[in-house]
C-alpha cells in the first residue's frame, strides 16, 4: 500500500512540475512580447497633436463598489498628427468614477448600463494619460496584451465578472 501511495505522489509531483514549468514558460513568453510592445512606445507631447480620426473605444475594467456604483476604465484609440506632420496612434486612457446603476447588471439590461456609463463619461474630466505608437498594430497589441482591453462594453462587463 505504501508503495502505491508513493507512486501516486511521485506522479502528482512530477505532473505538477511539468504543469508549472509550462505555465512559467508561457508567462515568460508573454512578458517578452509585452516588453517588445512597450519598447515601441514613442514620446510625443499630447498637447501638440491633432486628432485625425477616432479608430476605436476599448474597455479595460469595470468595478463595482458593492453599492450599485461602478468605475469604468477605458481607452480611446486615435490616429493623430503632430505639428511636424508626423502621424502617430494615440491610446488615450480614461477612468469614469461613480457610475450609478441601481439595478443588478444582467444580460437584459447591459445596454442600459452602457448608456448610463456613457452619460456619466460625457460629463468630462475622465482623461488621465496618453501613450503613442508609430504603428496602429502596435497600439492595438498594447491595448489587448498589456492593458487587456476589450473591444466592447459587454465583453468587459462579462470579463469583470459582473454577469455570468
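Relative to the first principal axis of the alpha-carbon coordinates of the chain, what is the inclination of helix 2-38, with its axis defined by its Cα atoms, in degrees from 0 to 90 and to the nearest 10? For helix 2-38, the angle is close to 20 degrees. Against the empirical curve 2.2 N^0.38 Å, the C-alpha radius of gyration of the chain lands at a ratio of 1.41. Rounded to the nearest 10 degrees, the inclination of helix 110-121 to the longest alpha-carbon principal axis of the chain is 50 degrees.
Values quoted throughout were computed directly from the atomic coordinates according to the rules given, and no laboratory measurement underlies them. What you see is a predicted model, and the numbers here were worked out from it, not measured in a lab.
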